[in-house]
Amino acid sequence: MKSIISATILAITVMIQPVHAAETVDVDVGNGMTVKLATDRPLKIAFFSEGTNNSAMTASIEAAKEAAAKHGWSIDVFDGGFDAVKQSNQIANALNRDYDAFIVKPLEGNTMCEPSSVLAPQRNILVVNAVLPICGRSGKEGEEQWSPGTLTYVGGTQTPDAFLEVLHKVRELAPGPQKVGILTGNDLNPITLNFEAALERFLTEAPDWSVVAKARTDWSTPVAFEKAQPIVSAHPEITLYLSHYSNMTRGIVQALDAAGKLGTVKVFDAGGTAWAKQAVEAGTIDFTTALYLRSNAAASVEAIAAAQRGERVPHVIQNEGKPITKGNLVQFIDKSNVAGYQPEAD
């Protein structure tokens, strides 16, 4: 009988032992919303990439994985495949899984607005919005790039104002009337829309510019080459070519080379890949611009880490997390400084 009583007392004692609540930190994400982020265990992160078919994206993914591993966190990568519907479905599914945080690089900012800035914090998921702003903010500048409901926005080098700086630099180096050929990214992509907005503003300042050919691409070199070839063939009057990412510019250069026209027209680039650095050194293109998407991904992960430590994270982290130099949005890479430039993508 005594053993039965002792066993009963032991069972009751076990049952009434206090359950230690998980340790968390309250993270204010705006709009009166708070996310309780775990501080007593490794975090589980979902990384939503626009795609994986160019060097900037693969560099970004690698950097995110490296930064997460440094903290002992796990990270799952979702390839949007340049399909906004596919990416929307991916994040909808991820909302129902046990993620602590999302890093969201949206293909279309409005589609990803509600799941990232409303549903995620409601499910106690912390969100960092990287590269492409959400919620109609892709054309905004500075603090307005942050969407309440998210921890922070990391980016700022591919805004309309930044692309306008690029176009002004092109005009400085190629003054006077120009017949222009342009390759851009895909439709609805916020970076493409930002470039288009900058180009529209610029053309009101430069009535002697005439855009005689423009083509959309999927940002890859093979498709850019495919789109550039007929432009080069059909428009011998073009004096200047421009794209807003180096993989596309590389396709233009290949098309010009195949047509025996390389060196007869000016070529400008915004993208700063390792290829672009070599092209500047060789004189194939006149300049490129620094683009730090490895730094962007690492800064996105580190923003979550700072929040986990209870630190205040700024709403906007400019210049992809790199120090801002000379107060400009864009760092131009030309013959004068190319030797010191360290690309973050191939």
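The values are calculated or read from the model by the stated rules, or taken from the named source; none is laboratory data. This structure is a prediction, so every number in the text was calculated from the model and none was measured. Virtual Cβ from ideal backbone geometry, glycine too; neighbours counted across all protein chains shown. All accessible areas refer to the heavy atoms of the entire protein, side chains included, with ligands and DNA or RNA removed. Shrake-Rupley method; radii C 1.70, N 1.55, O 1.52, S 1.80 Å.
Here the Karplus relation 6.51 cos²θ - 1.76 cosθ + 1.60, evaluated at θ = phi - 60°, turns the backbone of the range 180-188 into coupling constants of 10, x, 10, 10, 10, x, 7, 4, 6 Hz, with x for every Gly and Pro. Computed extension gain for ASN124 through ASN96, at 0.36 nm per residue and net of the alpha carbon distance, reaches 9.0 nm. Relative to the dominant Cα principal axis of the chain, helix 190-205 is inclined by about 40°. Helix content alone sets the calculated 222 nm mean residue ellipticity of the chain: runs of n ≥ 4 DSSP H residues at -39500 (n - 2.57) each, divided across all residues, give -11500 deg cm²/dmol. For the residue pairs LYS70/LYS277; LYS214/LYS266; LYS36/LYS105, alpha carbon separations beyond 21 Å are given by LYS70/LYS277; LYS36/LYS105.
For the range 234-258, backbone nitrogen atoms closer than 20 Å to the point 7 Å from LYS179 Cα along Cα-to-C-beta are found at 234-243, 252-258. Here GLU50 sits with roughly 10 square angstrom of accessible surface, probe radius 1.4 Å. In this simple spin-label model, placing a label point 7 Å from the Cα along the Cα-to-Cβ direction at both THR239 and THR264 gives a separation of 1.6 nm.
Taking every DSSP beta bridge that has both ends in the chain, the antiparallel portion is near 20%. Computed with a 1.4 Å probe on the full set of protein chains, the accessible area for LEU173 sits at about 70 Å². With the cut-off at under 19 Å, measuring from each backbone N in the range 190-208 to a point 7 Å along the Cα-to-Cβ line of ASN110 picks out 190-198.
Between GLN278 and ALA22, the C-beta separation translates, for a Förster distance of 35 Å, into a calculated FRET efficiency of about 0.10. Taking every protein chain into account, the accessible area of the chain amounts to 43 square angstrom per residue (probe 1.4 Å). Relative to the longest principal axis of the Cα atoms of the chain, helix 84-94 runs at roughly 20 degrees. Shown is the FRET efficiency for ASN31 and ASP346, computed with R0 = 35 Å from the Cβ-Cβ distance and rounded to the nearest 0.05: 0.30.
Net length available on complete extension from THR39 to VAL338 is 103.4 nm, with 0.36 nm assigned per residue and the Cα-Cα distance removed. Using only Cα atoms and rounding to the nearest 10 degrees, what angle (0 to 90) does helix 221-234 make with the longest principal axis of the chain? Tilt relative to the chain: about 20 degrees.
In the list [x] 56, 56, 40; [y] 103, 38, 35; [z] 76, 43, 41, the label attached to Cα extents along the principal axes in Å as derived from the coordinates here is [y]. For trypsin sites (Lys or Arg not before Pro), the sites in the range 281-330 that DSSP calls loop and that have at most 13 other Cβ atoms within 10 Å are ARG309, ARG312, LYS326.
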